[in-house]
Amino acid sequence: MKKRIYIVLGFVFVALASVGVFLPLLPTVPFLLLAAWFFAGSSERFHKWLLNHRIFGEYIRNYKEKKGMLLRHKIQSLALLWAGIGYTFFFAMKDVDPDKLFYIRIFLAVVLIGVTTHLLMLKTVKNDK
């Protein structure tokens, strides 16, 4: 039963990581790492599938082996993060209660600063080799 739950959770986190590729507030790599952990504890086949995945495998291997993050991925991540949160911060909250708006903006700023700091602190791999 535990294996089945872990497999389901692994795929849930792969799905969240997939969404996170397009939505800056959802972090892709932590969800992939969780998926890899759940697959490692439940299914060698799914674990290998994720590690060798055409899109996600590279993220997990680089993170797991402490190689860092490719420069192009770091730039793309930072650009999407700043664009998404910046848009939300300035334009997407017109209907929010003004009393809550301040706290939402503080939260967004904290997320922006935290994720940016984390990404900048990761080692930068300058090429794909």
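Structure data summary
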quantity	calculated
Environment charge at residue 56 (Cβ cut-off 13 Å; Lys +1, Arg +1, Asp -1, Glu -1)	+3
In region 36-119, GluC sites (Glu not before Pro) in a DSSP loop with at most 11 other beta-carbon atoms within 10 Å	65
Per-residue [θ]222 nm for the chain (sum of -39500 (n - 2.57) over DSSP H runs n ≥ 4, rounded to 500)	-23500 deg cm²/dmol
Candidates per chymotrypsin sites (Phe, Trp or Tyr not before Pro) in region 84-129, loop by DSSP, up to 16 other Cβ within 10 Å	91
Carbon + sulfur, % of accessible area of region 17-129 - ligands and nucleic acids excluded, 1.4 Å	67 percent
Förster-model FRET efficiency, 22 Å R0, residue 54 and residue 26, C-beta, rounded to 0.05	0.60
The chain, dipole about Cα centre (Lys/Arg Cβ +1, Asp/Glu Cβ -1), debye to the nearest 20	660 debye
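The values are calculated or read from the model by the stated rules, or taken from the named source; none is laboratory data. Just so we're clear, the structure is a prediction, and the values are computed from it rather than from any experiment. Note: ideal-geometry Cβ built from the backbone for every residue, glycine included; neighbour counts use all protein chains shown. To get the accessible areas, we keep the full protein, side chains included, count just its heavy atoms, and leave off ligands, DNA and RNA. Shrake-Rupley method; radii C 1.70, N 1.55, O 1.52, S 1.80 Å.
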